[in-house]
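Please treat every number below as a calculation from the coordinates, not as lab data. Values in this document were obtained by computation on a predicted structure and should not be read as measured data. Counting neighbours? That spans all protein chains shown, and the Cβs are built from the backbone with ideal geometry, glycine included.
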Amino acid sequence: MISCRCEIAPPSLLLRVAERGGREARDAALRTLLTSAALRSRRTALGATLRRFGLSPADLEFLPAQAPATGPENTVYDVAGGGEEALPGRRVRGTDDPPTGDAAVDQAFDGAATTATFYREVFGRDSVDGRGLDLVSSVHFGRRYDNAFWTGDQMVYGDGGGGVFVPGGLTRSLAVIAHELTHGVTQFSAGLAYRGQSGALNESFSDVFGVLVEHRAGDVDAASASWLVGEGILEPSLGGALRNMIAPGTAYSGDDQPADMDAYADLPVDDDPRNDNGGVHINSGIPNRAFAEAARTLGGRAWETVGPVWYEVLTGGRLAPTADFAACAALTVRVAGERYGEGSAQQDAVRGGWEAVKVRLPADPR
Ligand SMILES: [Zn+2]
């Protein structure tokens, strides 16, 4: 199991606001970045310790292998402006409790429930770990904190309002919530290392299933979908969304995602936020677009066409934690052939998606 502190907002976006915004916005963006660094080191240590024993948090809680059909426990905490030392905060809503009237609490609760239902009903997966792991969310993290993240064992949402996200924006987007929970799914399945191409794949799987949860909840088909992640939650002066999967690089002003391998950002893996762990939120645009192109080619419900192929690749035990784009692409083509038949329209669409973004595939045997 490899855990990450996986955030929704790219560090480059926070840096842009820090560099160009007023003093308040700068301070808020820097606080967000610095908190990230502090949490990351602690979570890495915890994840490494569990990994040494081959354990996940679920193992330590002695959960039954089969959770009831009603799904995992869903609990929301209010950290009331506190930082990491205050997590998870005060328990404000549990699985069977009515709405609280606090929009962030209720949106985090509903988004987690909708995401868990998606994984259970579409893929037969019981919570993020497949073993009924409790869903824990903390809201009102930090002051004007412009990010949301998965810590390795829970979700955390800031209130926004620091210059990047509109106040309350982070819990308003179902795709953002599903994106964060999918980092948990990845952690407990392929365990993609959060750096370079494997990290960009980690980010991309979260975007893919983030939008698929939103598609299913709104019964949106692949042809009419916007393919935007985090629509309408950025400050309007920045742009309309965090990511555009069908047209990477166009979501907001300064969006630096490449649309294909010709524009791949070859960045070092270091502590400089500009380099984004080797471009995990930047190059993720490439596999994002491969998925969206394949889904659009096939039309219909993407969670029933290409979604199951991506899910099998992520969770089927064949994708290495350090996989690169080419390895992932080859596996999606193979899995599409297994699921729908060699030479099927579905397999051709998957192949076409990767060709559109210029990721090299093994030769077509036909
Ligand atoms: Zn992420």
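Points to keep in mind about this one:
- DSSP beta bridge pairing in the chain, given as percent antiparallel to the nearest 5: 60 percent
- Alpha carbon centroid spacing (whole Å) that separates the range 145-160 from the range 111-125: 20 Å
- Extension gain, residue 117 to residue 260, is 48.2 nm, computed as 0.36 nm per intervening residue step minus the present C-alpha separation.
- Taken along the Cα-to-beta-carbon direction at a fixed 7 Å, the label points for residue 85 and residue 103 span 3.1 nm.
- Centroid-to-centroid, using Cα positions, the range 289-330 and the range 173-233 are 12 Å apart.
- Here the Debye sum runs over all C-alpha atoms of the range 210-366 as equal scatterers in vacuum, and log10 of I(q)/I(0) at q = 0.09 Å⁻¹ comes out as -0.30.
- Choice from 156, 166, 229 with maximal GNM fluctuation in the chain (Cα, 10 Å cutoff): 166
- Each semi-axis of the equivalent ellipsoid for the chain is √(5λ) with λ an eigenvalue of the Cα gyration tensor; in descending order they amount to 29, 24, 19 Å.
- Here the contact order of the chain, divided by its residue count and restricted to Cα pairs under 8 Å and six or more residues apart, works out to 15 percent.
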